[in-house]
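The next block holds one structure in the form of C-alpha cells; read it before the comments.
We did not get these values from a lab; they are worked out from the coordinates using the rules stated. On a predicted model such as this, the values are computed, not experimentally measured, just so you know. Using ideal geometry, Cβ is built from the backbone for each residue, glycine included, and neighbour counts are taken over all protein chains shown.
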Amino acid sequence: MANNKSAKKRIEIAERNRLINKSYKSTVRTLTKKTLENCQKYKKDPTEDNKNLVKISLNNVFSLIDKAVKKNVLHKNNGANKKSKINNFVKTTFTAK
C-alpha cells in the first residue's frame, strides 16, 4: 500500500487509465467481430446493402484502432497488425465468388 499522497494519487490514476484502456480494447474486439460477421453475411448473400455494411463496419473498426494507437492504448505495430488481418479477411471476402 502507498505511504504518501503522490503514490496514492498515482495508483488512482493508473486504475482510471486501466479502465479506459480496457474499454478501448474491448470495443476494438467487438467491432472486429461485427466486421467479420458482416463479411460472412456478405458471403451468403452478396448484395450492395451487405457490401456497404461491411465497408461501414470496416471504417469504424479502423477508426477506433487508429484512435487507440494515438492514445497509446495499443502499440502502433499491434494496431497495424490488427488492421492488416481484418483487411485481408475483407479482401478475400470481396474477391471470392
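Hey, can you rank 42-55, 8-21, 64-77 by average C-beta count inside 10 Å, highest first? Can you show the working numbers first?
Numbers: 42-55: 13.5, 8-21: 11.1, 64-77: 15.5.
Highest to lowest by the protection proxy: 64-77, 42-55, 8-21.
Return the subset of LYS33/LYS85; LYS9/LYS82; LYS51/LYS71 for which the Cα-Cα distance in this structure is over 24 Å, preserving the input order.
Those over the limit are LYS9/LYS82; LYS51/LYS71.
Run the numbers on the chain and let me know its relative contact order in percent, using alpha-carbon pairs under 8 Å that are six or more apart. Spell out each step's value before the answer.
Details: 49 pairs, mean separation 28.5, N = 97.
For the chain, the relative contact order is 29 percent.
Could you work out the per residue convex hull volume over the alpha carbons of the chain, in cubic angstrom? Working shown, then result.
Working: hull volume 8.6 nm³, N = 97.
That works out to 89 Å³ per residue.
Under the rule of at least 5 residues apart or a separate chain, name every residue whose amide H is placed under 5 Å from the amide H of LEU74.
Hits under the 5 Å cutoff: VAL69.
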